[in-house]
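Asks: Please find one structure pasted underneath; my questions will follow.
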Amino acid sequence: MIVRLIAKLCQFSPWLRRRIWHRWYHYLAGYQMENWRFMNYGYASSDQVPVLELEPDDEPDRLAIQLYHFVVGDTVLANQSVLEVGCGRGGGASFISRYHRPRHMVGLDFSQRIVRYCQKHRGTNTLEFVHGNAESLPFDAEQFDAVVNVESSHCYGSMDAFLAQVRRVLRNGGYFLYADFRSRDALELLDRQIQDSGMSVVDRGDITANVLESMRLDNDRKLQLIDMWGGKRLNRTIRQFAGVEGS
């Protein structure tokens, strides 16, 4: 009854929904699992797309990595300065750093706990992690050539404030590389917010089918991980967060 009541309240209160999402995310950030590198829903490539060649250690995270690979697309990041806002457990920033070879890569997250984890397990000479707020980025103006944001902005209090910060820290001619989910009736607002930010859209696409297929393909692996460390008390809630079949 409590779970259902909270779910019903969240439909009418975006603020409450964000607060619950924040607390749940911060709780999961405390799990010290080295093989849990990504928190996105992934991307299943179509037959027309060449297979992404990955190192053996990255193969278990192929679907999650493919979402980052798709978001980056043809954007050249080699020898550039790149920021990921909402870096989560650092897998995406690590992938970009190792495969796209930017000169400097920064992963930012609002959870101090997860930033400390990433600093310990993902940090390198060219990849660093910092604590910060997406709506008030702790960087100078025109500091980055590209800003990446994957399945994170739905948690933010103000999308307008976040986009203004992205525009501020991007150099002239820089790229905002972005993917997230919205309800159908919220897409028009998102389009208007991006337009009002002063950035122009170079390319866009609806990848719902690819993400849903990824979630289907990754279902059994997720269930094994949840059963292994979720425990009976939180098993059902974690399944909802992870987006397994039936959630």
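The values are calculated or read from the model by the stated rules, or taken from the named source; none is laboratory data. Please read these numbers as outputs of a predicted model, since none were measured by experiment. FYI the Cβ positions are ideal-geometry reconstructions off the backbone, even for glycines, and counts take in every protein chain you see. Each accessible area value is taken on the protein alone, full model and side chains, heavy atoms only, with ligands, DNA and RNA left out. Shrake-Rupley method; radii C 1.70, N 1.55, O 1.52, S 1.80 Å.
Asks: If you go through segment 182-208, how many residues are open to solvent by less than 60 Å² (accessible area, probe 1.4 Å) and either touching a Phe, Trp or Tyr at 6+ places or on another chain (Cβ under 8 Å) or in a helix (DSSP H, G or I) (or both)?
Replies: Residues that pass the stated criteria total 6.
Asks: What are the pairs with Cβ atoms under 6 angstrom where one residue, in segment 173-188, is over 13 Å from Val150 (Cα atoms) and the other, located anywhere, is open to solvent by 80 Å² or more (accessible area, probe 1.4 Å) and among the hydrophobic types (A, V, I, L, M, F, W, C)? Sequence gap at least six, or different chains.
Replies: Listed by first residue and then by second, the contacts come to nothing, as the list is empty.
Asks: Please state which one of Ala179, Ala146, Ala134 is in contact with a helix residue (DSSP H, G or I) (Cβ under 6 Å, 6 or more places away or on another chain) and either open to solvent by 60 Å² or more (accessible area, probe 1.4 Å) or under 12 Å from Val85 (Cβ atoms) (or both).
Replies: Ala134
Asks: Quick check: anything in segment 141-151 of a type in the set (D, E, K, R), under 14 Å from the mean Cα position of the chain (by Cα) and on the phi > 0 side of the Ramachandran plot?
Replies: Yes, that holds for at least one residue.
Asks: Moving on to the next point. Within the bounds of segment 146-154, is there any residue that is in contact with an Asp or Glu (Cβ under 6 Å, 6 or more places away or on another chain), assigned to a loop (DSSP other than H, G, I, E, B) and touching a residue at least 40 places away in the same chain (Cβ under 8 Å)?
Replies: yes
Asks: Among residues belonging to segment 57-85 that are of a type in the set (Asp, Glu) and not in a helix (DSSP H, G or I), point out the one that is nearest to the chain's Cα centre (by Cα).
Replies: It comes out as Glu84.
Asks: May I pose another question? Could you tell me which of the residues Gly88, Gly107, Gly173, Gly123 is in a loop (DSSP other than H, G, I, E, B) and either touching a Cys at 6+ places or on another chain (Cβ under 7 Å) or surrounded by fewer than 23 Cβ atoms within 10 Å (Cβ to Cβ) (or both)?
Replies: Step by step, each of Gly88, Gly107, Gly173, Gly123 is checked, and only Gly123 is in a loop (DSSP other than H, G, I, E, B) and either touching a Cys at 6+ places or on another chain (Cβ under 7 Å) or surrounded by fewer than 23 Cβ atoms within 10 Å (Cβ to Cβ) (or both).
Asks: Would you mention how many residues in segment 110-119 are open to solvent by 60 Å² or more (accessible area, probe 1.4 Å) and not in a helix (DSSP H, G or I)?
Replies: 1
Asks: Okay, next question. Out of everything in segment 65-98 that is without any contact (Cβ under 8 Å) to a residue 60 or more places away in the chain and hydrophobic (A, V, I, L, M, F, W, C), what residue ends up being farthest from Leu217 (Cα to Cα)?
Replies: Per the stated criteria, the residue is Ala78.
Asks: Within segment 24-67, can you find the residues that are of a type in the set (Asp, Glu) and either farther than 24 Å from Val85 by Cα or modelled with pLDDT of 85 or more (or both)?
Replies: Within segment 24-67, Asp47, Glu53, Glu55, Asp57, Asp58, Glu59, Asp61 qualify.
Asks: OK, next. Among (1) more than 26 Å from Asp57 (Cα to Cα); (2) free of Cβ contacts under 8 Å to residues at least 60 places away in the same chain; (3) in a loop (DSSP other than H, G, I, E, B); (4) of a type in the set (Gly, Ala, Ser), where does Ala164 come up short?
Replies: (3)
Asks: Another question, if that's okay. Just to be sure, is Val211 loosely packed, with under 12 Cβ neighbours inside 10 Å and in contact with a helix residue (DSSP H, G or I) (Cβ under 9 Å, 6 or more places away or on another chain)?
Replies: The answer is no for Val211.
Asks: So, in segment 92-140, how many residues would count as being of a type in the set (D, E, K, R) and either touching a strand residue (DSSP E or B) at 6+ places or on another chain (Cβ under 9 Å) or under 19 Å from Ile65 (Cβ atoms) (or both)?
Replies: Summing the residues that are of a type in the set (D, E, K, R) and either touching a strand residue (DSSP E or B) at 6+ places or on another chain (Cβ under 9 Å) or under 19 Å from Ile65 (Cβ atoms) (or both) in segment 92-140 gives 7.
Asks: Look at Arg101 and say whether it is open to solvent by 30 Å² or more (accessible area, probe 1.4 Å) and more than 27 Å from Asp218 (Cβ to Cβ).
Replies: yes
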